[in-house]
1. Given points 7 Å out from each Cα along the Cα-Cβ axis, report the Phe123 to Ala22 separation in nanometres with one decimal.
2. If you take the charge dipole of the chain about its Cα centre, with +1 on Lys and Arg Cβ and -1 on Asp and Glu Cβ, which of Pro96, Val14, Ala76 is farthest toward its positive end?
3. For Cα pairs less than 8 Å apart in space and 6+ apart in sequence, what is the mean separation divided by the residue count of the chain, i.e. the relative contact order in percent?
4. How much of the pair distance distribution for the stretch 11-50 lies past 16 Å, counting alpha-carbon pairs only, in percent?
5. Where does the longest stretch of the chain lie that holds no trypsin sites (Lys or Arg not before Pro) found in a DSSP loop with 10 or fewer other Cβ atoms within 10 Å?
6. Given the DSSP H assignment, sum -39500 (n - 2.57) over each helix run of at least 4 residues in the chain and divide by its residue total; what's the result at 222 nm in deg cm²/dmol, nearest 500?
7. Given a Förster distance of 41 Å, report the FRET efficiency between Ala67 and Ala38 from their Cβ-Cβ distance, rounded to the nearest 0.05.
8. What is the spin-label model distance, in nm, from Leu13 to Arg107 if the labels are put 7 Å beyond Cα along the C-beta direction?
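Bear in mind that the values in this text are calculations on the coordinates, not laboratory data. Keep in mind that this is a model prediction, so the values were computed, not measured. Neighbour counts are summed over all protein chains in view; Cβ atoms, including those assigned to glycine, are modelled from backbone coordinates with ideal geometry.
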Amino acid sequence: MKNQRGFTLLEALVATMIMGVAVAGILDALAASSRNVARLTQADRAVMLARTKMDELLVNDALPRKAYFGAPFSAAEAGAMPSGWQARVTPVEAAPGATDLNWIIDRIELEIWWMDGTTRRSFSLEGYRRALLPQGQGI
C-alpha cells in the first residue's frame, strides 16, 4: 500500500454521523428552551396581572363581601392570552360587638387563571386590608 493522504470514505461517514447527532441535539435543546420561554412568558404575564388586580381590589371599598366575583381579562391586558380572575372578600377580624361604621380586617382571596393550550393553569394570592364596615352590613 502506498502512503496516501486524506480520509477514507468510512471515516468521512462516521464524522458526518457524529456531526448530525450533535446538530440534532443542539436543535432539540433550542426547541425545549423556546417552549420554556413561552411558558415563562405566560406565567410572568399572569403574575403581573395578579399584582395589578390585587392592588385594585385592596383599594376598592365597594366590593361585595362573602361572595365570589370575577371576570375575564381583556385581550389588551392579557396580550391575547385567554385568562381571568375570581375573588372573594371575607371579614376576618373585628372588634367584639362590631356594628356599622367600625373598622374590620378583610381577607381578599384572588385566583388568577390562564389557558396554556388546552390546559387551565392558575394560582392564588391572599391579601389583607383594614376596612370600614358599611352601614347596614353586619359581619
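1. 3.9
2. Val14
3. 18 percent.
4. That tail contains 56 percent of the Cα-Cα pairs.
5. So the longest stretch without any such site is 67-139.
6. On the way: 2 runs with 55 residues, N = 139.
Computed ellipticity for the chain at 222 nm equals -14000 deg cm²/dmol.
7. 0.70
8. Taking the two extended label points, one gets 7.0 nm.
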